[in-house]
Amino acid sequence: MTEKTLDPLAKLLQEVFGYTDFREGQRETIESVLRNKRTLAILPTSSGKSLCYQLASYLLPGQTIIVTPLISLMEDQVSRLRQLGEKRVTAIHSQMSFQTRQRIFSQFQQYKFVFVSPELLVQDWFKEQAKKGKISLVVVDEAHCISQWGIDFRPDYEWIPEFLKELDSSVKVLGLTATATQKVMEDIESTLFHQQACHLIKQSSDRQNIAYQVVETEDKTAYLKQFLSQHPGPGIIYFSSKKEAERICTLLQEETELAVSYYHGDLSNQERLVVQQQFLHQQLHVLCATSAFGMGIHKEDVRFVIHYHLPSSVEAYVQEAGRSGRDGKQSLALLLYRPQDEHIHYHLLEQLIKEKEGMAYLLKQPEETWQQYLPKLSSLQQKWLTGYTHQRYSKETLMAGLEQKISERTRHIQDMLTYIHLTTCRRKYLLAYFDSESEGQVSICCDHCGLEDLELETVPVFPRSPLEFSKDWQETLKKVFNQRE
Amino acid sequence: MTDDINIYILSLFHPKNKQRSSSVYQILRGKKTASTLSFCLFHHLWSGFQLFPYLSVEAYEQRLAELKAKGYLVADEADGKYLLLSQAGQACLLEHPFWMAFSKEVDHFSYGVAGPLFLERLLFLSQVISELSYQSKQYEPITSEEEQLFWVKQWLAKTKVSKEGLISNFYTEWQKLLEQLADSQRQRLVSLLTGHHKIGTTYYQLQQMYHWSEFQRIAYKIYDCQQIIHLIKTSEDFPLFASVLASIPKQTISKSAQLTYNYVEQGLDSVSIQRLRQIKPSTVQDHLIEAAVLLDDFSFDACLDKQVVLQLETYEKKQPQIIEWQFKQVQGFDESISFLEVRLYQILKVKQYDRENFRPTS
Ligand SMILES: [Zn+2]
């Protein structure tokens, strides 16, 4: 590739996004999308994955459809694009009112970027619209969700290949993911691309500016307080439950000098965005988040990510830990472990096994009697059953799939425990896990290689008390609406 | 233990008008039937409608038992399923003026869902207008929901005044609104505001700061919304805020009941409506009761014969406690009067009484 042909990309990057350089993997991904029909890009968290399809899309004539698993994630991406000045962007999901959907459809052709949730892809009205529009590119975000072997397998994702088949053969497809083991990667290739050749871009998952540490302690909160007194953040602490996130948040708020807030699914969209802005604009030191809702947090200078509970898998761990140090500066991924933390995961696993057994029982009954069992099925079981009744797989495939899913989940927990009990380099373990290679020597690597030199830059945080605005409310109000006397 | 929830439940009871505890439970769960709606109206329990949609019978009974053990609630002598507020209970409530005000002023039936949505919309619009006042276009909106963004665009497009006029009118409405609120409430609302160079706060964060219970957080939010809505609705000073409020439908009569009532307004009788809509007589009756309770301009004249009203007025002189009327006893007085007529008469009278006695709060 000559310098000349590279220019338009760099120019666009500068114009639209205001960046002078591409991050690793971005340029390769964009160029591949422009040249090839099928691309699978495995880029580590915080490498700017969304920029890849956004930029590519500007160089393609038609629309870009982006399939995204979570509504919160979808809305987040939409608002980020809007902030870049892109108005031709919308999102369609099943929680929208009928009227809103109708409104979007009436002007469907005008949108350059359309975010959709996967379950909509099988709806006839959506397919119709998609065929009428001029689609150039379909992006499957979090593509690992399509894999049975992935951590967050989503049955809805299985509908994507079907949808792709119905589109014009010229439509390009880009699968994006941050975490894919060899197995998941192969699975994506075979399901999403029907074994057809795809161009693979794989960046090393090594995030050199993140140091890894595991602390085994009986008193996590005491450790946390001690840690925060030395490293006030900004940082994120992940929890496996809303209740715990709230409890520890309140405790930290009361027993430290820091501004701490929590962030989880009970907050409304507006409340989440307000808290996010506080965090982004240095009004909070620490955010206590649950995993599901931590996805939308985009902050460059997060200095540490702490896991208060045991993550469900190494994949999940690396993804969440990867939200620290997007700015490239020294950061820390710390996992707090107390023996028996894994019990909750084994408990969940047992539930899954029960659901599987229930499913096996149901499948052995005559089909005409299934109706009576329907109300008793869990939501997961209902999804499995729908897949079968829609003839997406046979009984045997389903049961075998579930078997494998269970053994996979067991392995995930074991792998996580292995990581915790390592006596050797943690980075090496993680790299091997993702069949990735090191990008060279890391000076501050992990607790086993030595963290004596670890220093986390302190970003000044200016907490705002709600009270400071209310003391002189007249003045505050004048300021808000720019009223001068 | 007398926690906030217990205090609130206590505030739903009355020293003189006995109430069936299971009916109060249905209201807290939010069962929308003709009988719960009438009960809500008769005992002024709108604050509780669907306030605890997941409350279990056991948990509810447990709370009642605690209140009875403290002597705050007493069982009616004739029938233990009915409860009355005791003197001790009244004394206890006096120490909790917020819960008394909440109980009296909140209409959770109409605004339980619409209220918080309205407040979020108002806050978002405030942010947009604040940024507009600073001529700033690059900012992070406090919503990422398509519906909200679209609504704001439309709202701005429809506004007829100039940009400067809009900003200053909007500011003035906020100022007038805040002036009329109590200190604590004003503090909450000012801190919630997001605008240019000011990021707001959330009720969750206020909860942390003021050490509220979870129920307090929920209740303050509902109460704040209700107060703003009340001020907007009872004054001419808030045309902009009123247009925001009008964009969010409150919970009201069900579509099916409305349809039945439309026929009544067109002059059709019950039998014709049954035939036309293919519904049971009891359903028509339920629809009319629902309409009578929920519609402000319900036409009682169309459903209640003058003769019947006169008869019931005579009966009322003997039995002035209208809400405690039993249909069987009314029948003993005049067997030609139907259940529907008795119920409608009760609703008519209670609404009249409410209009005269529950003046709008300021
Ligand atoms: Zn190491």
Open item on the list: Per residue of region A:283-291, what does 6.51 cos²θ - 1.76 cosθ + 1.60 with θ = phi - 60° give for ³J(HN,Hα)? Whole Hz please, x for Gly and Pro, Karplus curve as stated.
Closed with: 9, 10, 7, 9, 10, 9, 10, 8, 4
- [ ] Just read off the accessible area of residue A:345 with the full protein assembly in place, 1.4 Å probe, to the nearest 10 Å².
- [x] 30 Å²
TODO: Let me know the shape class of chain B, please: from the alpha-carbon gyration tensor, a ≥ b ≥ c as square roots of the eigenvalues, rounded when a/c is under 1.5, otherwise prolate if a/b is greater than b/c, or oblate.
DONE: oblate
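Of the peptides A:168-178, B:124-134, how do they stack up when ordered by the mean number of other Cβ atoms within 10 Å, highest first? Intermediate results must be reported in sequence, preceding the final value.
Details: A:168-178: 19.7, B:124-134: 22.0.
Going from most to least packed, we get B:124-134, A:168-178.
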TODO: Could you state how much accessible area is buried at the B-A interface, both sides summed, with a 1.4 Å probe, in Å² to the nearest 100?
DONE: 4500 Å²
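Once you have a ≥ b ≥ c as the square roots of the Cα gyration tensor eigenvalues for chain A, tell me rounded if a/c is under 1.5, and otherwise prolate or oblate according to whether a/b is larger than b/c. Intermediate results must be reported in sequence, preceding the final value.
Details: a/c = 1.36, a/b = 1.15, b/c = 1.19.
Note, shape of chain A comes out rounded.
Once you have a ≥ b ≥ c as the square roots of the Cα gyration tensor eigenvalues for the protein assembly as shown, tell me rounded if a/c is under 1.5, and otherwise prolate or oblate according to whether a/b is larger than b/c. Spell out each step's value before the answer.
Numbers: a/c = 1.75, a/b = 1.64, b/c = 1.06.
Prolate.
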TODO: Using label points projected 7 Å from each Cα along Cα→Cβ, tell me how many nm separate residue B:184 and residue A:222, to one decimal.
DONE: 3.8 nm
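Can you tally the net charge around residue A:185? Count Lys and Arg as +1, Asp and Glu as -1, for every other residue whose Cβ sits under 11 Å from the Cβ of residue A:185.
Details: positive: A:183, A:202; negative: A:186, A:187, A:189, A:435.
After counting each charged neighbour, the total is -2.
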- [ ] At 1.4 Å probe size, with no ligands or nucleic acids counted, give the accessible surface of residue A:455 in Å², nearest ten.
- [x] 140 Å²
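Rounded to the nearest 5, what % of DSSP beta bridges with both residues in the protein assembly as shown are antiparallel?
On the way: 6 of 57 bridges.
Given both bridge residues lie in the protein assembly as shown, the antiparallel proportion sits at roughly 10 percent.
For chain A, what does the accessible surface come to per residue with a 1.4 Å probe? Please give it in Å². Show your work: numbers first, answer last.
Details: 21390 Å² over 485 residues.
Computed with neighbouring chains in place, this is 44 Å² per residue.
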Open item on the list: Need one value: the accessible area of residue A:343 in square angstrom, 1.4 angstrom probe, rounded to the nearest 10.
Closed with: 110 Å²
Task: Sum of side-chain charges, residue A:43 neighbourhood, beta-carbon under 11 Å (Lys, Arg +1; Asp, Glu -1) - done: +1
Open item on the list: Buried by at least 50 Å² relative to the chain on its own: which residues of region B:126-158 qualify, computing accessible area with a 1.4 Å probe on protein heavy atoms?
Closed with: B:134, B:140, B:142, B:144, B:146, B:147, B:150
Open item on the list: Please enumerate, by chain and number, the aspartates and glutamates with C-alpha under 18 Å from the C-alpha of residue B:31, excluding those fewer than 8 residues away in the same chain.
Closed with: B:58, B:61, B:107, B:286, B:290
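What FRET efficiency would be calculated for the residue pair residue B:255, residue B:50, taking the C-beta separation as r and a Förster radius of 22 Å, to the nearest 0.05?
Taking R0 as 22 Å, the efficiency between residue B:255 and residue B:50 is 0.75.
Largest first, what is the accessible-area ranking of A:154, A:88 with a 1.4 Å probe?
Numbers: A:154 55, A:88 105 Å².
Ranked list, largest accessible area first: A:88, A:154.
Could you check how much of the accessible area of region A:343-417 is carbon and sulfur, as a whole percent, using a 1.4 Å probe? If you can, show how the numbers build up before the last one.
On the way: 2470 of 4540 Å².
Of the solvent-accessible surface of region A:343-417, carbon and sulfur hold 54 percent.
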Task: Carbon/sulfur fraction of accessible area - region B:114-246, other protein chains in place, 1.4 Å, % - done: 51 percent
TODO: Using a cut-off of 14 Å between beta-carbons, work out the net charge of the residues near residue B:117 (Lys and Arg +1, Asp and Glu -1, residue B:117 not included).
DONE: -2
Open item on the list: Could you tell me which residue out of A:146, A:45, A:135 lies farthest along the dipole of region A:3-202 toward its positive end? Charges go on the beta carbon: Lys and Arg +1, Asp and Glu -1, centred on the Cα centre.
Closed with: A:135
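The values are calculated or read from the model by the stated rules, or taken from the named source; none is laboratory data. None of the values given here were measured: they were computed from a predicted structure. Methodologically, a virtual Cβ is constructed for each residue, glycine included, from the backbone with ideal geometry; neighbour enumeration extends over all protein chains shown. Side chains included, ligands, DNA and RNA excluded: accessible areas come from the protein's heavy atoms. Shrake-Rupley method; radii C 1.70, N 1.55, O 1.52, S 1.80 Å.
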